[in-house]
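The values are calculated or read from the model by the stated rules, or taken from the named source; none is laboratory data. Everything numeric here is computed off the predicted structure, so don't read it as measured data. Positions of Cβ are generated from backbone atoms using ideal geometry, with glycine treated the same way; all protein chains shown enter the neighbour counts.
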Amino acid sequence: MPSPLRTTGLLSALLLLMPALPAAADGLVDTLVRRFAESDFEFVRAQSNAPFPPLAWLTATNYAESRFRQSNGGDGAVTYGQTSVSQAALLPIPLGKRDAIGIGEWLSWTHFDLEGSARDELDVFSISLPVGWVRQATPDWQIAAFVAPLGHKTPQDSWYWETLGGVFGRNVRNARFAWIVGAYFDVSPLEDFYTPYLGAAYIIDDHWTLNAILPWPSVTYAPTPDTLFRLGVSPSGASWSIEPDERRPRMNLTSWNVGFAVERRVVASVWLGFEAGVAGLRGLSIVGSDWEAPETKLSNAGYALLTLNLRPGSPAGR
């Protein structure tokens, strides 16, 4: 399983970066908030303590050791643990009163410690460069689309590329309720994945928000503008497939985490969070592998993560 010393060092590195973040980023966040406030965009109409989604984040995740499960349901001999560190940022740029584009980047390093396999460990480096567009079509409707090439590489192998994307719409019915419609896709040389993105978002009161949106529903509780609790489902980076002849890893974004998260504002727009839960549909399937049989999957396993988020908005009354 992943070395406790390695994981502790990765998490400590997040804390060491905190003093440099507010001065470097808070001015940019305030500028973006002001430009959107001067546009026709309407993101939240009702009063709520819940913060906006982050514009940048740094996350370290540790997944507990799991055992391979054969396609016939029996346990295999190979187990592995996983440690991941990822960093991402998104720059939204208003274009006039009703349109905006978003340009982003996502970098990730994933380390696997294998037991019972011919290979002791595996490192995977990933990168994505998403580009999106959003339009305030009417006072009640927003439409958006994005595309994101996603590449993976091990130190010994060539890059493997896939493409993510989606089209979405948001219809505000009143100050607290909105319908969400759309579709998401992941296209790769090995297989394609498509799923609808449907549901509703409901701001119950100043503290509670329900996001009843499939496939990733959640409920959040914000007792103050500086504290956030979240229980829900989110995409997981813990499921992979590998074609052993070429040894090109591919992340399977159909996997999910079910977890409980706590976030606290540290200073200005910088938040520190911790999350723990169960990584469902988690697996490393290896096609034609000499490690294990095809269609091999892992049983569910626990995970824990520490994250540093940069969220728009300042503390109330400051």
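Might you let me know whether the range 256-263 holds any residue that is exposed (fewer than 15 other Cβ atoms within 10 Å of the Cβ) and modelled with pLDDT of 95 or more? Within the range 256-263, one or more residues are exposed (fewer than 15 other Cβ atoms within 10 Å of the Cβ) and modelled with pLDDT of 95 or more. Of the strands (runs of 3 or more DSSP E) contained entirely in the range 111-227, those carrying at least 1 residues that are aliphatic (A, V, I, L, M) and under 24 Å from Ile101 (Cα atoms) fall at 121-128, 131-136, 141-153, 160-172, 177-187, 198-203, 208-214. Residues that are modelled with pLDDT of 95 or more and within 18 Å of Trp256 (Cβ to Cβ) within the range 219-233 comprise Val219, Thr220, Arg230, Leu231, listed in sequence order.
For the range 282-318, which residues satisfy the criterion of being within 23 Å of Pro215 (Cα to Cα), assigned to a strand (DSSP E or B) and at pLDDT 55 or above?
The answer is Ala301, Gly302, Tyr303, Ala304, Leu305, Thr307.
Mind listing just one residue for me: the one in the range 77-99 that is of a type in the set (A, V, I, L, M, F, W, C), at pLDDT 85 or above and surrounded by fewer than 16 Cβ atoms within 10 Å (Cβ to Cβ) and, of those, nearest to Tyr303 (Cα to Cα)?
Here is the first cut: in the range 77-99, the ones of a type in the set (A, V, I, L, M, F, W, C) are 77-78, 85, 88-91, 93, 95.
So of that shortlist, the ones also at pLDDT 85 or above come out as 85, 88-91, 93, 95.
Next cut, surrounded by fewer than 16 Cβ atoms within 10 Å (Cβ to Cβ) only: 91, 93, 95.
Values: Leu91: 29, Ile93: 35, Leu95: 40 Å.
Per the stated criteria, the residue is Leu91.
Do we find that Arg176 is out of contact with any strand residue (DSSP E or B) (no Cβ under 8 Å at 6 or more places or on another chain) and in contact (Cβ under 8 Å) with a residue 40 or more places away in the chain in this structure? When the stated conditions are applied, Arg176 does not pass them.
Restrict the check to the range 100-110 and report whether at least one residue is at pLDDT 80 or above, in contact with a strand residue (DSSP E or B) (Cβ under 9 Å, 6 or more places away or on another chain) and in a loop (DSSP other than H, G, I, E, B). Among the residues of the range 100-110, not one is at pLDDT 80 or above, in contact with a strand residue (DSSP E or B) (Cβ under 9 Å, 6 or more places away or on another chain) and in a loop (DSSP other than H, G, I, E, B), which makes the answer no.
For Thr154, all conditions in the list (1) in contact with a Leu (Cβ under 8 Å, 6 or more places away or on another chain); (2) surrounded by 18 or more Cβ atoms within 10 Å (Cβ to Cβ); (3) in contact (Cβ under 8 Å) with a residue 60 or more places away in the chain; (4) not acidic (Asp, Glu) hold save one; what is the number of the exception? With (1) in contact with a Leu (Cβ under 8 Å, 6 or more places away or on another chain); (2) surrounded by 18 or more Cβ atoms within 10 Å (Cβ to Cβ); (3) in contact (Cβ under 8 Å) with a residue 60 or more places away in the chain; (4) not acidic (Asp, Glu) applied to Thr154, the lone miss is (2).
Within the range 259-281, residues that are part of a loop (DSSP other than H, G, I, E, B) have Cβ atoms under 7 Å from residues that are surrounded by 15 or more Cβ atoms within 10 Å (Cβ to Cβ) and basic (Lys, Arg) in these pairs: Ser269/Arg311, counting only partners at least 6 apart in sequence or on another chain.
When you check Arg34 against the structure, is it more than 30 Å from Gly132 (Cβ to Cβ), modelled with pLDDT under 75 and surrounded by fewer than 16 Cβ atoms within 10 Å (Cβ to Cβ), yes or no? No; evaluated as a whole, the condition is false for this residue. For the range 169-194, taking the residues that are among the hydrophobic types (A, V, I, L, M, F, W, C) and more than 18 Å from Pro139 (Cβ to Cβ), the one that is modelled with the highest pLDDT is identified as Ala183.
The numbered conditions (1) under 28 Å from Gln47 (Cα atoms); (2) modelled with pLDDT of 85 or more; (3) touching a strand residue (DSSP E or B) at 6+ places or on another chain (Cβ under 8 Å) are all true for Asp205 except (3).
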